[in-house]
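Participant: Please read through the structure below; I'll follow up with questions.
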Amino acid sequence: MHETSFDVIIKLLREYTKQSPEPMTREIVALYNKDPFLILVSCLLSLQTRDVVTLPISMKLFQVVRTPQQLLALPLSELETIIKPINYYKTKAQRLRSVSQELLSRFSGKVPCSTQDLLSMKGIGIKTAHLVAAEAFDIPAICVDTHVHRLSNKWGLIQTKNPDETEKALRMILPKKYWIEWNYLLVKWGQYTCKTKKIPCPQCHMIIKELT
């Protein structure tokens, strides 16, 4: 696909999502000055949980925790109480503690910027690694969540069966300058503009038109 087609698509997505609420990760970025640890924590909390639940719980946690050391100093029972509205909160509490310990033992308490280092940590998958690299460090990475996978396939850009295939396929066609923004815009589009799984909405037809 020609790069100019993506230029037009990105312009349309920007225009039609400019009034939509910001995704949770961008809210965390703005509120906490791109703090990599807080971005990582919020990403881990957000897995299989809606943004409207994750954001206020993250903010509540960040009133008492800002570093790996502080998270480990917090009693497990208190951590679980704070994040209890989050899905799988007990598992996530343990994961936050193990990730914090690994950050201290392997990376001097600092979140690494490379996706390879992030993926080497237990409990961090490719979606989280790419999102942290992109949002905390501005490193081009394609983060594939349910919206990116669904819409990229619905529009006919790719034909893939799972997020891993989608990430690899998008790397082949999506200009690198849009890697970070693709997730940001498609999350907003998927959450507030097009929620249907199969039938393209009127706005989606405009995107599809640019691809034909």
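The values are calculated or read from the model by the stated rules, or taken from the named source; none is laboratory data. Here the structure is a predicted model, which is why all the values come from computation and not from measurement. Neighbour counts are summed over all protein chains in view; Cβ atoms, including those assigned to glycine, are modelled from backbone coordinates with ideal geometry.
Participant: Please go through (1) touching a residue at least 24 places away in the same chain (Cβ under 8 Å); (2) assigned to a helix (DSSP H, G or I) for Val144 and return the number of the only condition it doesn't satisfy.
Facilitator: If we test Val144 against (1) touching a residue at least 24 places away in the same chain (Cβ under 8 Å); (2) assigned to a helix (DSSP H, G or I), just (2) comes out false.
Participant: Being aliphatic (A, V, I, L, M), in the same structural domain as Ala133 (by TED's automatic domain parsing) and within 18 Å of Ala133 (Cβ to Cβ) is the requirement here; does Leu31 meet it?
Facilitator: No; evaluated as a whole, the condition is false for this residue.
Participant: Are any of the residues in region 41-51 modelled with pLDDT under 95, surrounded by 14 or more Cβ atoms within 10 Å (Cβ to Cβ), of a type in the set (Asp, Glu) and assigned to a helix (DSSP H, G or I)? Write out each step before concluding.
Facilitator: The initial filter retains those residues of region 41-51 that are modelled with pLDDT under 95, namely 47-51.
Now narrow it down to the ones that are surrounded by 14 or more Cβ atoms within 10 Å (Cβ to Cβ): 47, 49, 51.
Within this subset, residues satisfying the condition of being of a type in the set (Asp, Glu) are 51.
After this cut, where a residue has to be assigned to a helix (DSSP H, G or I) as well, the list is 51.
Scanning region 41-51 turns up at least one residue that is modelled with pLDDT under 95, surrounded by 14 or more Cβ atoms within 10 Å (Cβ to Cβ), of a type in the set (Asp, Glu) and assigned to a helix (DSSP H, G or I).
Participant: Continuing with the same structure: On the given criteria, is Leu96 in the same structural domain as Lys168 (by TED's automatic domain parsing), in contact with a Leu (Cβ under 7 Å, 6 or more places away or on another chain) and surrounded by 15 or more Cβ atoms within 10 Å (Cβ to Cβ)? Before you say what the answer is, go through the steps one by one.
Facilitator: Numbers: in the same structural domain as Lys168 (by TED's automatic domain parsing): no; in contact with a Leu (Cβ under 7 Å, 6 or more places away or on another chain): yes; surrounded by 15 or more Cβ atoms within 10 Å (Cβ to Cβ): yes.
No; evaluated as a whole, the condition is false for this residue.
Participant: Could you grab me the full set of residues in region 40-77 that are under 13 Å from Val99 (Cα atoms), within 17 Å of the chain's Cα centre (by Cα) and not hydroxyl-bearing (Ser, Thr, Tyr)?
Facilitator: The answer is Leu40, Val41, Cys43, Leu44, Leu45.
Participant: Now, a different point. Could you list all residues from region 161-189 that are farther than 16 Å from Ser5 by Cα, exposed (fewer than 12 other Cβ atoms within 10 Å of the Cβ) and more than 17 Å from the chain's Cα centre (by Cα)?
Facilitator: Matches in region 161-189: Lys161 only.
Participant: Taking only pairs six or more apart or across chains, which ones have beta-carbon atoms under 6 Å, a first residue in region 60-80 that is touching a residue at least 40 places away in the same chain (Cβ under 8 Å), and a second residue that is part of a helix (DSSP H, G or I)?
Facilitator: Qualifying pairs under 6 Å: Pro68/Ser100; Pro68/Leu103; Pro68/Leu104.
Participant: For Tyr192, are the conditions met, namely being surrounded by fewer than 16 Cβ atoms within 10 Å (Cβ to Cβ) and closer than 22 Å to Tyr16 by Cβ?
Facilitator: So Tyr192 passes the test.
Participant: Taking the residues in region 112-141 that are assigned to a helix (DSSP H, G or I) and of a type in the set (Gly, Ala, Ser) as candidates, determine which candidate is surrounded by the fewest Cβ atoms within 10 Å (Cβ to Cβ).
Facilitator: Ala136
Participant: Follow-up. What is the number of the single condition among (1) assigned to a helix (DSSP H, G or I); (2) without any contact (Cβ under 8 Å) to a residue 60 or more places away in the chain; (3) surrounded by 19 or more Cβ atoms within 10 Å (Cβ to Cβ) that Glu27 does not meet?
Facilitator: The single condition Glu27 does not satisfy is (3).
Participant: While we're looking at this one, here's another question. Is it the case, given these coordinates, that Val8 is more than 18 Å from the chain's Cα centre (by Cα), β-branched (Val, Ile, Thr), in a helix (DSSP H, G or I) and surrounded by 13 or more Cβ atoms within 10 Å (Cβ to Cβ)?
Facilitator: Considered against the rule, which asks whether it is more than 18 Å from the chain's Cα centre (by Cα), β-branched (Val, Ile, Thr), in a helix (DSSP H, G or I) and surrounded by 13 or more Cβ atoms within 10 Å (Cβ to Cβ), Val8 comes out as yes.
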